[in-house]
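Report on one structure; see the data block that follows.
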Amino acid sequence: MSSIDQVDGSSIGSMQKKSTNYKDQADDFFSNFLEPNNLNQIRSQVKQFIDCDTNHPTVLITSGGTTVPMEHNTVRFVDNFSAGTRGSASAEYFLEKGYKVIFLYRLKSLEPFTRHINVWQLMESLSSSDSGSQVGPSIGDNLSKTVKIYKENKANILMITFTTLAEYLYYLREISFSMQPLGPKAALYLAAAVSDFYIPPTDMATHKIQSKNGPISLVFELVPKMLRPLVKFWVPSAFVVSFKLETDESILLDKARKALLCYGHHLVIANILHTRKSQVLIVTEKESHQITLPNPEMEIESLIVDEVISRHKTFINMKLNVEKLI
Ligand code: PAZ
């Protein structure tokens, strides 16, 4: 069956061939999609950001959802719920703790710092006259705090946007390669909600799918698991944290443990869709425990980031001690 079948019997493209191992599957996936035009530019931006201090703990944070286009000239796409709260809030806490941050995020999802600004509240609070605009005192206080923290940290954050699944994966692979010189000082914090399914370009309609041809049924291919090649080949010395989202609590811990076994990374932060802002499970190969938000004034990301940084420090010390012994 092709990926898009129209009920009138016409079909677009053909099924993707399957490979047998993680690396081949990843390579096959990439060979299906053209490189994004700005990949070289992103490579040099990241290199410049990292090369100025390869001794500085640096985290790649991914954030937001990916789109899966239904047509080459994309009018329609499949998307998901992720707003980018987890990633953008975490970026601020990592910066506060002295990390450099590469923030790979879905265009138009939440961003560190600007997420605190409500444009409508700002409009309401602005008074305007011929000589310019002024912010009212209540908004002004909060805004100046955010602006101050942003100005103190802006040299330590590099922001890169993606929209589609393929862009996301190309950028993730490229940034991972570029982080190799950081050795164990590199951390990856993969909070983006990445589609597990896609339509191969060879199976995609070129132009907007026409409703006059009747209802359609879509067949999606499985996106290969990229975490294994990431850990093994793309950035093997980094500390890697993945996130796992489920809606059924009874399978969450088991799936998090299986992910660790399968992909060989260091930590899974597991969460349930509707409670993700107030509790998460921290899962390693050896143990698991829950973090619960102690009061609504706080953000759970501050606690998650503290936990990740403490484990990353232990990881760095362990790797550096092993190096000394060799
Ligand atoms: O972006 P957000 O704050 O609305 O949601 C965060 C999250 C649930 C996407 C993240 O915590 C997460 O679990 N990411 C991985 C999702 C997954 O692929 O299982």
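Where a number appears in this text, it was derived from the coordinates with a stated rule and is not lab data. Worth saying up front: this structure is predicted, and the values here are computed from it rather than measured. Virtual Cβ from ideal backbone geometry, glycine too; neighbours counted across all protein chains shown.
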| Rounded to whole Å and sorted largest first, what semi-axes of the equivalent ellipsoid does the C-alpha gyration tensor of region 22-151 yield via the square root of 5 times each eigenvalue? | 35, 22, 14
| request: Would you please state which residues of region 119-133 a label at Asn142 would reach in this model, taking the label point 7 Å out along Cα→Cβ and a backbone N cut-off of under 11 Å? | output: 119-122
| field | Mean-position separation - Cα centroids, region 125-150 and region 77-117, in angstrom | value | 23 Å
| Three-way shape label, region 194-257, alpha-carbon gyration tensor, a/c 1.5 | oblate
| At a Förster distance of 22 Å, what's the computed FRET efficiency of Thr54 paired with Val322, Cβ-Cβ distance as r, to 0.05? | 0.75
| said: Please compare each pair in Lys23/Lys255; Lys148/Lys225; Lys23/Lys286; Lys47/Lys225 to a cut-off of 31 Å on the Cα-Cα distance and tell me which ones are over it. | reply: Lys148/Lys225
| Ordered by packing density, taken as the mean number of other Cβ atoms within 10 Å over each peptide's residues, highest first, how do 117-127, 56-66 rank? | 56-66, 117-127
| message | Can you give the Rg/Rh ratio of region 164-294, where Rg is from the C-alpha atoms and Rh is the Kirkwood radius? | response | 1.06
| task | Pop a pseudo-label 7 angstrom from the Cα along the beta-carbon direction at both Met298 and Ser129 and give the gap in nm to one decimal. | result | 4.5 nm
| query | Say each of Asp196 and Ile251 gets a label point 7 Å from the Cα, pointing the same way as Cα to Cβ; how far apart are those two points in nm? | reply | 0.6 nm
| DSSP beta bridges in region 179-326, what fraction antiparallel, as a percent rounded to 5? | 50 percent
| request: Give me the distance in nm between label points sitting 7 Å out from Cα along the Cα-to-Cβ direction at Asp79 and Gln290, one decimal. | output: 3.3 nm
| said: Taking the beta-carbon count within 10 Å as an exposure proxy, list Leu325, Leu253, Leu95, Leu273 from fewest neighbours to most. | reply: Leu325, Leu273, Leu253, Leu95
| task | May I ask which of Lys185/Lys313; Lys108/Lys185; Lys151/Lys185; Lys232/Lys319 have a Cα-Cα span longer than 18 Å here? | result | Lys108/Lys185; Lys151/Lys185
| message | Ignoring everything except DSSP H segments at least 4 long, calculate the 222 nm mean residue ellipticity for the chain; use -39,500 (n - 2.57) per segment, divide by total residues, nearest 500. | response | -11500 deg cm²/dmol
| remark: Taking r as the C-beta separation of Lys277 and Asn38 and R0 as 35 Å, the FRET efficiency to the nearest 0.05 is 0.60
| query | Translational D (Stokes-Einstein, µm²/s) of the chain at 25 °C and 0.890 mPa s when Rh comes from the Kirkwood sum over C-alpha pairs? | reply | 113 µm²/s
